[in-house]
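Comments concern the structure below.
Read the figures in this text as sums done on the coordinates, not as results from a lab. Keep in mind that what you see is a predicted model, and the values were worked out from it rather than measured. Ideal geometry is used to build each Cβ from the backbone, glycine not excepted, and the neighbour counts take in all protein chains shown.
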Protein chains: 6
Amino acid sequence: MPVALYPGTFDPITYGHIDIAKRASKMFNKVYAVVADNPNKNPLFTVEERLDMARAALEGIKKIEVIRYNGLIVNCLDEYEATSIIRGLRALSDFEYEFQMAFTNRNMNKAAETVFLMPNEKYTYLNSTMVKEIAKLQGDIGKFVPEFVKEKVEAKIRKLRRKKLV
Amino acid sequence: MPVALYPGTFDPITYGHIDIAKRASKMFNKVYAVVADNPNKNPLFTVEERLDMARAALEGIKKIEVIRYNGLIVNCLDEYEATSIIRGLRALSDFEYEFQMAFTNRNMNKAAETVFLMPNEKYTYLNSTMVKEIAKLQGDIGKFVPEFVKEKVEAKIRKLRRKKLV
Amino acid sequence: MPVALYPGTFDPITYGHIDIAKRASKMFNKVYAVVADNPNKNPLFTVEERLDMARAALEGIKKIEVIRYNGLIVNCLDEYEATSIIRGLRALSDFEYEFQMAFTNRNMNKAAETVFLMPNEKYTYLNSTMVKEIAKLQGDIGKFVPEFVKEKVEAKIRKLRRKKLV
Amino acid sequence: MPVALYPGTFDPITYGHIDIAKRASKMFNKVYAVVADNPNKNPLFTVEERLDMARAALEGIKKIEVIRYNGLIVNCLDEYEATSIIRGLRALSDFEYEFQMAFTNRNMNKAAETVFLMPNEKYTYLNSTMVKEIAKLQGDIGKFVPEFVKEKVEAKIRKLRRKKLV
Amino acid sequence: MPVALYPGTFDPITYGHIDIAKRASKMFNKVYAVVADNPNKNPLFTVEERLDMARAALEGIKKIEVIRYNGLIVNCLDEYEATSIIRGLRALSDFEYEFQMAFTNRNMNKAAETVFLMPNEKYTYLNSTMVKEIAKLQGDIGKFVPEFVKEKVEAKIRKLRRKKLV
Amino acid sequence: MPVALYPGTFDPITYGHIDIAKRASKMFNKVYAVVADNPNKNPLFTVEERLDMARAALEGIKKIEVIRYNGLIVNCLDEYEATSIIRGLRALSDFEYEFQMAFTNRNMNKAAETVFLMPNEKYTYLNSTMVKEIAKLQGDIGKFVPEFVKEKVEAKIRKLRRKKLV
């Protein structure tokens, strides 16, 4: 009964993440979407906000649960009795970084098997960073994230703008 | 109960293929190693020889069965009630070709989900073509394929050499 | 009044080629789709067949004309008083080859400017070789080429099959 | 009568940018070099300084005008009645990022056509970041930027050095 | 009697660096491991700490000497009468950046010859940044760096943690 | 006293090969340019012709000797008491193949150290295959190969043309 983790910063969750999560849920008995609680990356949203958005976005997809984790993903594997790490494979730059991560994880935990899935081709070039950049330039991000995520991104950016932080 | 196909030419099967097959067998209820019966590729071995070697090499790995298929892998998915296609992801050139194949397969069969697994890093740069080239130059391929495959490759090449075909 | 060449083997023309040709036609006063008459590449179709299919597929797109050329594209530039070479940029492997071609062309003709255009993302991984492989395995290529091209590809392959050539 | 935008940070403009701008000017009726007014990227020069240098460097090239823009490039397209976005294609890492940008722009504005041009091969590996790094290490950047840009870069870095900021 | 420089930030030195340094020492009469004194990169360790770790790690390898340098590597070449720059070539992203650096160095100093060596394949995906990230998440970095480096990294991170800086 | 091999098909030798050979000769005490006697690759020139052209092209470069070898390069290393294999690193596709070769060689002979050198940037995209293709299309290859090589390539192609082989 294989269990998988789908780790990420989800800052914020996009249609690309949702697409991968759905595909993973069809292959595994249980998939944990693991929201990384890593303060180093300097995310736009707090971990609680990112958890809330991920939960709302993945609600209704069977066998998926959203969790928060602070630490190495290989330790998270042990804790949740998971054996696989799900990663979306989008584009070339991804590929190298993902390979590096996957070999490092396997190095630290022999049983850590990274499983790469491809998103729908319309999400091949989508990522959270670009979504935030477009929103900062007041572009419409409605094609990239669900409506309630769009609202939260826009509200957050308005707030930062008032504080002269963007 | 997900079922997966692991298609390839397996001309001949290498330790890299065996490594991926083992990894896949831990994730799926059933994995069919699908030996492609494609005369276009001009393989060194006949499809029967490739089947025999693959069967011998994968014997003893639970839940794996070696089959022969002549046609599109997406049709094979339907026939064997499989939903996933396993591919080993080795190096950059792979990546592009594999993406192209995976999108094409999904285009022809919406349910076709390609799952990329990474071999052990010592097999990252191993492939059947290089194995055959080394054997033709009378190098030792014992690190790349099982002993009985090595013998068959060497015998085949001796035979071709006598006929002045290599 | 810039004039551009869009060279290729077009063996056969696909929706990806048509997409690029349309985009080019909006930018240039005249675009010549140049069907290469190179017997080395061992195409499935004769140059006349490839010309016919390209003409039928590009008919009705303003400012595009299909021509046949035997020789270096940089000489063709001079002959047709063109200054730009159009190339569709699809995927990584393309990129390297295209760069090589483009620098070589510029090296031989200083005025040769290669212009890269991106096809619609649904054609990012489409190419003629894959179309032919799918057809040989009796898959449906209707999503990749126009109906009359599909018929010609299938007829050609049936013919080769009767002669035991595929 | 196609009009094109050539957007960038131009921090500072290099011979690579100038080379691409010249090539574009031969293909389009009008090319706007668009200096991005994006405070997020933390440029070395103010937008006014970057505009001044770009204007001085591109002066005398027919049909080119330097403008400043704050917002999404797809909105700038509408405002200037342009249909094409010019991008220099230098190296692999570029390629991926540029593809992502180009698909995102097309996603937001269907008419947004990105046109990739190759710089002279001697500028293939040149970019503004490396120019600034070399200048910080007191290397000679005279081969990479025009004389008056070199002076401004060196003056700016001397100023930052006095403030202990580099 | 060729002399080579092996420049890097060495923040901290890893088994990958040590592997490359050993390989270089077999090819050159003298190899200087050049610890870059560049405050811009915001290293975890001071230049003195990085020098100390590099010296301890490379002690006992013949013909290697660890030096500190502040400036362009091409000037360092002149100063130490070296002609070659050693670089480890690990993965794709490396490749592009390294090419850019190597051409830039050659541009500034015609005699600057960059020599790329491959580390043992088990270090193909290892770099200092990943080592530090793992240590911050309290993972064991004992497989990636010598014991005394591991202790220093862990001590440094404990110190930063007490100051709430990681 | 390190000795290096510079293996290749040299079908025919180009300015790119000559450039790399010169660079290698400055680093090693002796460099053997190894012309591979591999009938599988179906070269345009016989091994004797390729040897003759390589010898003429590399004549006068100190410490370089042209040899012929039939077999694995790792065996050639032993025979000539060499420890390094020189490879020119040109472009991305090269990189992957070269890595694969280098790891395979090291796998078969632990002491086999592959040393990658970069050609002059004007040769970055040059290779023998493109030279032959241009010559077949009656383009001028004088920028890519020495005059006497150009004459031999043109004579060879005229001969093949008379026999209707190109």
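Computed quantities for the displayed model
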{"item": "Cα point-scatterer Debye curve for the stretch D:93-166, base-10 log of I(q)/I(0) at q = 0.16, 0.21 Å⁻¹", "result": "-0.75, -0.90"}
{"item": "Relative contact order (percent, whole number), the stretch C:19-114, Cα cutoff 8 Å, 6+ residue spacing", "result": "28 percent"}
{"item": "Counting DSSP beta bridges with both ends in the protein assembly as shown, the antiparallel % (nearest 5)", "result": "5 percent"}
{"item": "From phi via Karplus (6.51, -1.76, 1.60), per-residue ³J(HN,Hα) for the stretch F:137-143 in Hz, x at Gly/Pro", "result": "8, 6, x, 8, 9, x, 7"}
{"item": "Within 10 Å of each Cβ in B:123-129, the average number of Cβ atoms from other chains", "result": "4"}
{"item": "Three-way shape label, the stretch C:33-77, alpha-carbon gyration tensor, a/c 1.5", "result": "oblate"}
{"item": "Size of electric dipole in the stretch D:32-83: Cβ of Lys, Arg +1 and of Asp, Glu -1, about Cα centre, debye, nearest 20", "result": "180 debye"}
{"item": "Environment charge of residue B:85, counting only residues whose C-beta is closer than 11 Å and scoring Lys/Arg +1, Asp/Glu -1", "result": "0"}
{"item": "Nonlocal amide H pairs with residue F:3, under 5 Å, H built at 1.01 Å", "result": "F:83, F:84"}
{"item": "Chain A: most fluctuating residue of A:37, A:19, A:140 per GNM, C-alpha cutoff 10 Å", "result": "A:140"}
{"item": "Against the rule of thumb 2.2 N^0.38 Å, how large the Cα Rg of the protein assembly as shown comes out", "result": "0.95"}
{"item": "Cut-off 19 Å (backbone N to label point 7 Å along Cα→Cβ of residue C:48), residues of the stretch C:1-37", "result": "C:10-13, C:35-37"}
{"item": "10 Å Cβ neighbours from other chains, averaged over peptide B:3-16", "result": "0"}
{"item": "Cα gyration tensor shape of the stretch B:21-100, rounded if a/c is under 1.5, else prolate or oblate by comparing a/b with b/c", "result": "rounded"}
{"item": "Ascending count of other beta-carbon atoms within 10 Å, so fewest first, for A:162, D:87", "result": "A:162, D:87"}
{"item": "Among the listed pairs F:30/F:132; E:30/F:26; C:26/D:22; E:62/F:22; F:30/F:136, those beyond 25 Å (Cα-Cα)", "result": "F:30/F:132; E:62/F:22; F:30/F:136"}
{"item": "Cβ-based exposure ranking for F:137, F:165, A:44, in which fewest neighbours within 10 Å come first", "result": "F:165, F:137, A:44"}
{"item": "Cα-based radius of gyration of chain D once divided by 2.2 N^0.38 Å, which approximates compact folds", "result": "1.03"}
{"item": "Within chain C, longest stretch clear of exposed GluC sites (Glu not before Pro) (DSSP loop, no more than 11 other Cβ within 10 Å)", "result": "C:82-166"}
{"item": "Likely footprinting exposure, A:90, D:161, A:50, fewest C-beta neighbours within 10 Å first", "result": "D:161, A:90, A:50"}
{"item": "Efficiency of FRET between residue B:3 and residue F:38 - r from beta-carbon atoms, R0 60 angstrom, step 0.05", "result": "0.90"}
{"item": "Around residue D:72: net Lys/Arg minus Asp/Glu count, Cβ-Cβ under 11 Å", "result": "-3"}
{"item": "Helix-only [θ]222 nm of the protein assembly as shown, DSSP H runs n ≥ 4, -39500 (n - 2.57) each, per residue, nearest 500", "result": "-14000 deg cm²/dmol"}
